[in-house]
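Chemist: Pasting in a structure now, in structure tokens, and then I'll have a few things to ask.
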Amino acid sequence: MNSEKKFRHLDLPSGGSGSGVMEISKSKPNRSGSLGDRGSTPLSPSSAYAQKMLFDVPHSFMDAILFCHWDNILGPRLEHVWYVNDRPQPHLNILRFITSQVLSGEICRELETSRIDFKFCDIPDKGVVIPSFVFSAQRGGDLGLHAMALVIPNSELSVFLQVNTIVQSWFNRIISKFRVLLEKKSFGEEDMQTMSDWLSTCLQMLSSLHEAGMPHTIHLSYTALCPSCNLEQDFLQQAIASHLMTFGRSIVVGRVADRVNKVIHTLALFSWESERACSRQVTEEKQWPYAHDLHIQGILKHKDGSYDLPLRDLLYSKFPSTIIDVQKRDVKQSSSISDHPHLSQTAAVEELTQLYTDRAHQPSYTGMFQSADVPETLVKTLLDELHKLPVQSGIREAFVTQFMHLLQRKALTLVTHVEVELQRGSQSLFRGGLKKLRHDLNLPLEGDLRIVMAAAEKLKPGLCNILLGERRYDTEYLPNVPDVF
């Protein structure tokens with residue numbers, strides 16, 4: 001009884017200035033955590049975490065980014081929070097809940113792996129969705145479990161789902177580089193600032209999709225298919241065909257923004273709505289650098305005719321890209337589909353090596369920039385028939401949409417055909433030659449097969465490896481730092 005009375009008069013301080021948490025000024029009120037102050041416990045200095053603010057992100061669907069790790073004594077521990085300027089800051093209880101949610105189910109995870117696992121949690125009662133990336137990393141001589149978590153309001157879920165693949169690609173690359181920084185003995189505040197710069201670049205890229213994104217409806221009057229446009233049909237045919245061959249990934253280069261955007265809008269007609277959501281135009285007022293894994297984007301040339309296109313970033317994309325120079329009427333491809341996985345893996349390892357050794361060098365990549373002059377009939381026939389149709393009433397736009405659906409059916413036929421052949425044990429047929437396949441699917445020319453193969457790869461990833469011969473390159477799982485060096 002006496003002990004109960006003593007505990008009844010014991011006042012526990014709530015988490016605040018004495019909790020070891022650094023306070024920063026807040027321009028907007030916090031989103032109140034559903035836990036409130038009920039059940040909160042005092043935080044020890046070991047539970048302190050650092051905070052930074054990410055600026056120059058005018059349109060962000062993220063409220064914060066968390067870096068946390070598994071402590072063998074304390075369990076899930078929040079270490080660093082990046083808030084986005086002009087966005088609501090999640091309540092401390094929300095941050096602690098997310099940290100526990102992301103790491104608690106990973107206790108038995110194998111640490112001796114270089115995988116970066118993606119997890120997605122929808123927490124309606126907290127009003128947030130949590131995409132997270134769980135990975136192992138060397139730090140201070142010990143191999144530990146870490147995670148990066150994105151705090152996104154439930155109201156922004158549809159926006160995130162549109163750019164989900166880009167977010168995963170960019171954060172996989174950022175985390176791969178961050179693991180190298182964690183491995184260094186000199187890891188400190190300067191490295192965390194470098195990480196902040198990488199995150200800012202990523203969020204600015206996502207913001208650019210809002211500022212200069214593609215419209216939902218593409219009007220023929222603002223494309224190169226408009227009768228008043230003076231682009232040569234041969235150049236237009238080659239650009240569209242190469243765009244379809246490179247899985248809908250294209251970079252349009254030119255001096256005048258209006259001309260570049262006309263070609264961008266034309267290629268957008270030959271892209272699905274989900275791909276347009278991951279594409280952007282160019283603007284004279286604000287220019288963004290090349291961003292890997294966007295579907296369609298433009299680059300304006302400098303006054304001397306040059307333009308910035310980092311080769312390493314170009315190779316980091318999941319698929320090869322078409323580079324279209326509107327001024328020179330030149331179309332080329334960054335690499336072939338068979339060589340791209342190897343070049344991409346080489347670029348990734350060289351980037352990590354350079355980061356670890358602090359030795360700047362510009363490697364040369366052989367096998368890049370293939371000719372896009374591949375004979376085909378699909379796009380040529382389409383353009384010939386398109387010019388015979390009236391411009392009014394959206395007839396031409398509907399004709400292009402019908403062509404895309406026809407291409408989708410051809411791709412599905414190819415997938416089914418390959419699956420049947422594999423069940424018969426005829427895998428060696430594809431490695432020996434594709435003439436029979438082209439004959440069976442009525443694809444007379446090499447370019448026709450490439451276009452259909454690219455569409456089929458989107459439906460069934462890995463199909464190109466079967467048709468062209470599998471190569472043991474895996475760009476998703478980068479090697480551990482000890483394996484690289």
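Chemist: Looking at this structure, is SER242 within 24 Å of GLN408 (Cα to Cα), hydroxyl-bearing (Ser, Thr, Tyr) and in contact with a Ser or Thr (Cβ under 9 Å, 6 or more places away or on another chain)?
Modeler: yes
Chemist: Still on this structure, please answer the following. Please verify whether the range 122-134 includes one or more residues that are basic (Lys, Arg), modelled with pLDDT of 90 or more and within 24 Å of the chain's Cα centre (by Cα).
Modeler: no
Chemist: Within the range 190-201, is even one residue assigned to a helix (DSSP H, G or I) and in contact with a Cys (Cβ under 7 Å, 6 or more places away or on another chain)?
Modeler: no
Chemist: Can you tell me how many residues in the range 205-223 are closer than 20 Å to SER169 by Cβ, in a helix (DSSP H, G or I), out of contact with any Pro (no Cβ under 9 Å at 6 or more places or on another chain) and not hydrophobic (A, V, I, L, M, F, W, C)?
Modeler: Number of matching residues: 1.
Chemist: If you don't mind, there's one more thing I want to ask. Mind listing just one residue for me: the one in the range 194-221 that is touching a Leu at 6+ places or on another chain (Cβ under 8 Å) and not aliphatic (A, V, I, L, M) and, of those, nearest to ASP56 (Cα to Cα)?
Modeler: Among those residues, the one meeting the criterion is SER200.
Chemist: Determine, yes or no, whether ALA268 is outside the structural domain of ARG450 (by TED's automatic domain parsing), over 30 Å from ARG139 (Cα atoms), among the small types (Gly, Ala, Ser) and in contact with a helix residue (DSSP H, G or I) (Cβ under 8 Å, 6 or more places away or on another chain).
Modeler: The answer is yes for ALA268.
Chemist: Are any residues in the range 380-400 in a helix (DSSP H, G or I) and free of Cβ contacts under 8 Å to residues at least 12 places away in the same chain, and if so, which ones?
Modeler: Scanning the range 380-400 gives THR381, ASP384, GLN392, SER393, ILE395, ALA398.
Chemist: It is to be established whether one or more residues within the range 254-262 are within 27 Å of THR377 (Cβ to Cβ), more than 19 Å from the chain's Cα centre (by Cα) and either assigned by TED's automatic domain parsing to the domain that holds TRP170 or modelled with pLDDT of 95 or more (or both).
Modeler: Scanning the range 254-262, I find at least one residue that is within 27 Å of THR377 (Cβ to Cβ), more than 19 Å from the chain's Cα centre (by Cα) and either assigned by TED's automatic domain parsing to the domain that holds TRP170 or modelled with pLDDT of 95 or more (or both), so the answer is yes.
Chemist: Suppose the filter is over 24 Å from HIS216 (Cα atoms) and either over 32 Å from the mean Cα position of the chain (by Cα) or loosely packed, with under 13 Cβ neighbours inside 10 Å (or both); does GLY425 pass it?
Modeler: Yes.
Chemist: Can you pull out the residues in the range 336-345 that are closer than 11 Å to GLN370 by Cβ and surrounded by 23 or more Cβ atoms within 10 Å (Cβ to Cβ)?
Modeler: Listed by number, the list holds a single entry, HIS340.
Chemist: What number of residues in the range 34-69 are under 30 Å from MET205 (Cβ atoms) and either at pLDDT below 55 or not aliphatic (A, V, I, L, M) (or both)?
Modeler: Residues that pass the stated criteria total 13.
Chemist: Also: Right, SER176: hydroxyl-bearing (Ser, Thr, Tyr) and assigned to a helix (DSSP H, G or I) or not?
Modeler: yes
Chemist: Can you name every residue in the range 187-209 that is modelled with pLDDT under 95 and either under 19 Å from VAL159 (Cβ atoms) or surrounded by 17 or more Cβ atoms within 10 Å (Cβ to Cβ) (or both)?
Modeler: MET192
Chemist: Determine which single condition TRP288 fails, assuming it passes every other condition in (1) under 30 Å from PRO375 (Cβ atoms); (2) in contact with a helix residue (DSSP H, G or I) (Cβ under 7 Å, 6 or more places away or on another chain).
Modeler: So the condition that TRP288 fails would be (1).
Chemist: Can you report the number of residues in the range 224-271 which are among the small types (Gly, Ala, Ser), in a loop (DSSP other than H, G, I, E, B) and either touching a residue at least 60 places away in the same chain (Cβ under 8 Å) or under 22 Å from ALA212 (Cα atoms) (or both)?
Modeler: 3
Chemist: Before we move on, is VAL151 farther than 16 Å from LEU78 by Cβ, surrounded by 15 or more Cβ atoms within 10 Å (Cβ to Cβ), more than 17 Å from the chain's Cα centre (by Cα) and not charged (D, E, K, R)?
Modeler: So VAL151 fails the test.
The values are calculated or read from the model by the stated rules, or taken from the named source; none is laboratory data. Small disclaimer: the values here were computed from a predicted structure and weren't measured. In this analysis, Cβ positions are derived from the backbone assuming ideal geometry, glycine residues included, and neighbour counts consider all displayed protein chains.
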